[in-house]
Amino acid sequence: MQEPPGQQPSEEEMRAALEEQMRQIRVEDVILQTIATLINLAGRRLGLAGDPEEKDVAQAKLAIDGARALAPMCPPEQEAPVKEALSQLQMAYVQETQGTDAAAAADLAPGEEPAPQPSPEDDERAKARSKIWTPGGG
């Protein structure tokens, strides 16, 4: 049923349209759209959109981590572009945080020591722990 131009659909018509949309949508589509949204947000929060006021490295990390968690569930035909985008974001994140660490070190008070950096052994232990499966934790 088509309404005349300029007339708003009724609440019942809007509800029916939403119900039809929900019948047709696939979970894979929602997962892919969510990944795309997180990737776009991560880029913006890393300042890649050119607006320095949107920069928020913590939010970028959360968006990257969320997209990485969902990536294995995306449709196989979209796997390569998602992995490529995530790889680029992760590199941008590392560059941004390394710059932030250097700037923070430059802001130390005279005589103040920077926080100790993890040793290679600590890094190896962290990698090993990240591969351990825990119930409910993945």
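Is there a residue being hydrophobic (A, V, I, L, M, F, W, C), modelled with pLDDT of 90 or more and within 19 Å of the chain's Cα centre (by Cα) anywhere in the stretch 2-24?
Checked the stretch 2-24: no residue is hydrophobic (A, V, I, L, M, F, W, C), modelled with pLDDT of 90 or more and within 19 Å of the chain's Cα centre (by Cα).
Just to be sure I understand the filter: pairs with C-beta atoms under 9 Å, separated by 6 or more residues or on different chains, first member in the stretch 77-100 and of a type in the set (S, T, Y), second member part of a helix (DSSP H, G or I). Which pairs pass?
Note: pairs meeting the criteria are Y93/A42; Y93/V57; Y93/A60; Y93/K61; Y93/I64; T97/V57; T97/K61; T100/V57.
The values are calculated or read from the model by the stated rules, or taken from the named source; none is laboratory data. Just so it is clear, the model here is predicted, and its values are computed rather than measured. Note that each Cβ is placed from the backbone with ideal geometry, even for glycine, and that neighbours are counted across all protein chains shown.
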